Amino acid sequence: MKGFSHLPRGDFDPAAARRRWDRAARWLRLLLLFACAEVSVHWALLLLARAQAVPAGALQSSADAIDAAAAEGARLFAQGPRPMQRAPRRFHLVGVIGGGRRAGAALISIDGKPAQAFAVGSWIAPGVRLSSTGFGQVEIEQHGEGLRLDTGSQSAGARPGVEPQQPSPR
């Protein structure tokens, strides 16, 4: 064997190599057995577990429940929630896309300019941020004060940035 002349000739023991492979195979078999047992026990516990009843006084874990709890805390400490004020006339709500405190967007016209889309949390103008969107309304914060914009308060022809369509002559 010309290509393997760098290996010593008499040091290779096939029986010892076979024993090493057998020992490695036994450890691998044991490892796989434990892994299969762990997966089986895990799934058995998941599938056979009983559902626990929710206590009667438990609160739902949602943004609405958190807001309700905050309002209740304010009432208990005689600091009722401040009523939302109407936003200044310079902001006109054209439309709402989506809704919530963490998602959604609004089409808002500022100072009679064409409407632009603003995502919840973005700055509309210096010191004015869109805080949440809802059905036909949005809440904005202007210098820390909560204000509300409604779509229902404006007529279809009075929306800045949106021109009413004229019927085509026939």
Spans of strands (runs of 3 or more DSSP E) in the stretch 121-170 with at least 2 residues charged (D, E, K, R) and at pLDDT 85 or above: 137-142
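From the list ASP67, ASP111, exactly one residue is assigned by TED's automatic domain parsing to the domain that holds SER131 and either at pLDDT below 70 or in contact with a Lys or Arg (Cβ under 7 Å, 6 or more places away or on another chain) (or both). Which is it?
On the way: ASP67 fails: assigned by TED's automatic domain parsing to the domain that holds SER131.
Criteria check complete, one pass: ASP111.
The values are calculated or read from the model by the stated rules, or taken from the named source; none is laboratory data. The model shown is predicted, which means the values in this text are computed figures rather than measured ones. No Cβ is skipped: glycine too gets one built from the backbone with ideal geometry, and neighbour counts run over all protein chains shown.
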